[in-house]
Amino acid sequence: QLQLVESGGELVQPGGSLTLSCAASGFRLDLYAIAWFRQAPGKEREGVSCISGSGASTNYADSVKGRFTISRDNGNNTVYLKVNGLKPDAAAVYYCAAAPDASFQSLCFFAPSAADFGSWGQGTQVIVSS
């Protein structure tokens, strides 16, 4: 059974940082693109970042580029999202999602689209408040 479990969300002050984790089980992580999405109350789910199965390709939304960093440890079946310089509008439930990937045309060549990802975790909440 393919499972994704997010963790690491917490209350953080504006400008603060934290690291979110996505622990995967039940599949070969190196064959899957992993993306992070977030959804704030009343807003649609948006793609934040993506990392290819090999880790060679990454993609970031313009709103977080330069402040968020995605990485993966395939040996430990875990993908991380380090979030720096958090703004109030970054408050949201953050989800990780998985999809079979192809190195020659990775989903992570592009900003992640929720429609491309069929396996989802339950989310971890990030609260940004002073």
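Here are some notes:
- For segment 48-57, taking the residues that are in contact with a Cys (Cβ under 8 Å, 6 or more places away or on another chain) and within 21 Å of residue 7 (Cα to Cα), the one that is surrounded by the most Cβ atoms within 10 Å (Cβ to Cβ) is identified as 50.
- Selection of segment 74-99 for residues being open to solvent by less than 10 Å² (accessible area, probe 1.4 Å) and aromatic (Phe, Trp, Tyr) yields only 94.
- Just one of the numbered conditions (1) hydrophobic (A, V, I, L, M, F, W, C); (2) farther than 21 Å from residue 119 by Cα; (3) open to solvent by 20 Å² or more (accessible area, probe 1.4 Å) is not true of residue 23: (2).
- Restricting segment 58-73 to residues that are among the hydroxyl-bearing types (Ser, Thr, Tyr) and modelled with pLDDT of 95 or more, the residue that is surrounded by the fewest Cβ atoms within 10 Å (Cβ to Cβ): 71
- Condition check for residue 130: under 24 Å from residue 26 (Cα atoms) and either surrounded by fewer than 16 Cβ atoms within 10 Å (Cβ to Cβ) or among the hydroxyl-bearing types (Ser, Thr, Tyr) (or both): no
- Matching residues in segment 62-87 - criterion: being more than 17 Å from residue 33 (Cβ to Cβ) and of a type outside the set (S, T, N, Q): 62, 64, 65, 66, 67, 75, 82, 83, 85, 86, 87
The values are calculated or read from the model by the stated rules, or taken from the named source; none is laboratory data. None of these values were measured; they are calculated from a predicted model. Note that each Cβ is placed from the backbone with ideal geometry, even for glycine, and that neighbours are counted across all protein chains shown. For accessibility, only protein heavy atoms count, side chains too; no ligands or nucleic acids. Shrake-Rupley method; radii C 1.70, N 1.55, O 1.52, S 1.80 Å.
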